[in-house]
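All remarks here apply to the structure that follows.
The values are calculated or read from the model by the stated rules, or taken from the named source; none is laboratory data. The structure presented is a predicted model; accordingly, all values stated were derived computationally and were not measured. Heads up, the Cβs are rebuilt from the backbone with ideal geometry, glycines too, and the neighbour counts pull from every protein chain shown. SASA here: full protein model, heavy atoms, side chains in, ligands and nucleic acids out. Shrake-Rupley method; radii C 1.70, N 1.55, O 1.52, S 1.80 Å.
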Amino acid sequence: MELTATGRELLLRGAVALGEELSPTIHLFERLYAQLTEANRQINLTSLREERDIVLKHFLDSLTCLASGLLEGPLEVVDVGTGAGFPGLPLKIARPSLRMYFLEATRKKLRYVEESCALLGLGDTAFVWGRAEQIAHQPEYRARFDRAVIRAVGSMGQISELCLPLLKVGGYLIAQKGPEVARELEGVERGLRPLGGVLEEVKELELPESGDQRRLVIIKKVAATEPRYPRRPEAIARHGLF
Ligand code: SAH
């Protein structure tokens, strides 16, 4: 499907509300929209079917990460559990200088993201197939990244354990959450200690147009993660660090 004029306006207007001028890259979002809706007929990439939902809840929602102010410059960023490329793909379009690593456990989703990047001509991208629990123990990836972004993969305790080992000391985790995240942050200070993280900020924001509440949870890595983390998936699921 082609993005309609209405969808295009919605995206441009919503972006302005986020402080972003998308006119120079709007053609890439149009191509991404066409690619996503086409591929979604073959493989289940997203349950969102309406144009308005895709623009708001995938494209603009991904761009809210920019409000962290931490995604400027030639940084190495890993998008953990990227699925159909969110938030990594819109971020890469809006900030081409980011070196974006898409990490995803499901091979066909990752292949779709790779094809999309090729189609959009996005360079400085890498595609890492596997579970973060294993990837984060590989020397090539452990303590490598400047930033980790993550949306809709697990609770704060779970995703902190997946992402912090991937970050270098001085790096940041930027987690996209909703207003209910406060409950997930009980015991955060103690829980983050073995991972080498500290909670820096919970940034409150609204999705443009819909007014839906969003939170960016920003965690800074201040010390090396203990070598035994991340634990195996079953251990993380059974007993989160917080
Ligand atoms: N971030 C995307 C997808 C969310 S769905 C979005 O917000 O739209 C969660 C995705 O994370 C799925 O594609 C799933 O395969 C992947 N995933 C879940 N746990 C993972 C793990 N431990 N390592 C890598 N990928 C994981």
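From the list Arg147, Arg142, exactly one residue is out of contact with any strand residue (DSSP E or B) (no Cβ under 8 Å at 6 or more places or on another chain), among the basic types (Lys, Arg) and outside any helix (DSSP H, G or I). Which is it?
Arg142
Do the conditions hold for Gly187, that is, is it under 27 Å from Glu234 (Cβ atoms) and either surrounded by 20 or more Cβ atoms within 10 Å (Cβ to Cβ) or touching a Leu at 6+ places or on another chain (Cβ under 7 Å) (or both)?
Spelling it out, it is not the case that Gly187 is under 27 Å from Glu234 (Cβ atoms) and either surrounded by 20 or more Cβ atoms within 10 Å (Cβ to Cβ) or touching a Leu at 6+ places or on another chain (Cβ under 7 Å) (or both).
Looking at region 55-66 only, could you name the residues that are of a type in the set (A, V, I, L, M) and over 12 Å from Ala175 (Cα atoms)?
Val55, Leu56, Leu60, Leu63
For residues in region 155-183 being away from the ligand (no atom under 13 Å from the Cβ) and part of a loop (DSSP other than H, G, I, E, B), which is surrounded by the fewest Cβ atoms within 10 Å (Cβ to Cβ)?
Glu180
Among the residues of region 169-189 satisfying the criterion of being of a type in the set (Val, Ile, Thr) and within 27 Å of Ala17 (Cβ to Cβ), which is nearest to the chain's Cα centre (by Cα)?
Ile174
Pick out the one residue from Leu71, Leu75, Leu119 that is open to solvent by 50 Å² or more (accessible area, probe 1.4 Å), more than 14 Å from the ligand (Cβ to nearest atom) and in contact (Cβ under 8 Å) with a residue 60 or more places away in the chain.
Only one candidate qualifies: Leu119.
Can you find, within region 190-204, the residue that is farthest from the chain's Cα centre (by Cα) among those that are open to solvent by less than 30 Å² (accessible area, probe 1.4 Å) and more than 17 Å from Gly154 (Cα to Cα)?
Ranking the candidates gives Pro194 first.
So how many residues does region 11-27 have that are open to solvent by less than 20 Å² (accessible area, probe 1.4 Å) and in a helix (DSSP H, G or I)?
Number of matching residues: 4.
Go through the residues of region 47-65 one by one and say whether even a single one is near the ligand (Cβ under 10 Å from one of its atoms), touching a residue at least 60 places away in the same chain (Cβ under 8 Å), over 22 Å from Val16 (Cα atoms) and outside any helix (DSSP H, G or I).
So far as region 47-65 goes, no, none of its residues is near the ligand (Cβ under 10 Å from one of its atoms), touching a residue at least 60 places away in the same chain (Cβ under 8 Å), over 22 Å from Val16 (Cα atoms) and outside any helix (DSSP H, G or I).
For the list (1) farther than 18 Å from Ala152 by Cα; (2) away from the ligand (no atom under 15 Å from the Cβ), I need the number of the one condition that Arg111 fails.
Condition (2) is where Arg111 drops out.
Which ones in region 122-152 are open to solvent by less than 50 Å² (accessible area, probe 1.4 Å), more than 14 Å from the ligand (Cβ to nearest atom) and acidic (Asp, Glu)?
Once the filter is applied, which keeps residues that are open to solvent by less than 50 Å² (accessible area, probe 1.4 Å), more than 14 Å from the ligand (Cβ to nearest atom) and acidic (Asp, Glu), region 122-152 yields only Asp146.
Residue by residue through region 217-239, note down the ones that are within 16 Å of Ser155 (Cβ to Cβ) and either without any contact (Cβ under 8 Å) to a residue 40 or more places away in the chain or open to solvent by 30 Å² or more (accessible area, probe 1.4 Å) (or both).
Arg231, Pro233, Glu234, Ala235, Ala237, Arg238, His239
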